[in-house]
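First the structure, in the form of structure tokens, and then the observations on it.
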Amino acid sequence: MRLQQHLNESGFMTTANWEALKADLDKKCKPYIKELKGAKSLLIRGVAQPKVPQFMTIRSVRKDRNPRLIDTKLHMKLGKLSKELFGWNIRSEGLFTTKSEIDVRMWGKPVIIFPIGNFKYVWKDDVTELYKQYDSWNPFGDNENIFELDIEPEIRGYHTDNINKYLRMPAKITSECIINCNTYYSINMKWYQTLLTYYGK
């Protein structure tokens, strides 16, 4: 009843649109949907205004992502380490998501993310210390101690299973979930509560 009322109160969120959205997600996003039972949050990310879908769209994940905030050498070392630990380069191949709308607004407008098909991931519920260590990296200095003593232990602290636990935790600032998939649905944030109510039950 609450779900139907929410749909009826929004001209954009019609029952017909909901049925179309649900049919696509149910068909193509089964592995992710299985992880949403009891979820308190959905995966979101920030995008530039032109990339915000009016309804929903399918996007591909870049597999050659370049660093935006960290030094290139650090980016390469992180990629090498993550490939050894997790079997894939979380910096170059990953889609960065979180649960915090405050975090994603630093990067643009928030959109909802539903990975399509099978996917891998790493998550960490608090990356505050990790990003502090990124900031301490000196592009022109000797950083071996910083990497081995401070950064590497933080990377090893990423979880590679039980994303349901991550999604059941309250959405706090500075958490991170990096997704490894080929394609995903990017969905307008107007659908957030409807999707969470339906799939999180």
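What follows draws every value from the coordinates through simple rules; no lab data is involved. Source: prediction; values computed, not measured.
Annotations for the structure displayed:
- Reciprocal of mean inverse Cα separation for the chain (Kirkwood radius, Å): 17.9
- Whole-Å distance, taken between Cα centres, linking region 127-201 and region 56-97: 12
- Computed over region 24-110, the quotient of the alpha carbon radius of gyration and 2.2 N^0.38 Å is 1.26.
- Range of Cα positions in region 101-167 per principal axis (Å), largest first: 41, 28, 19
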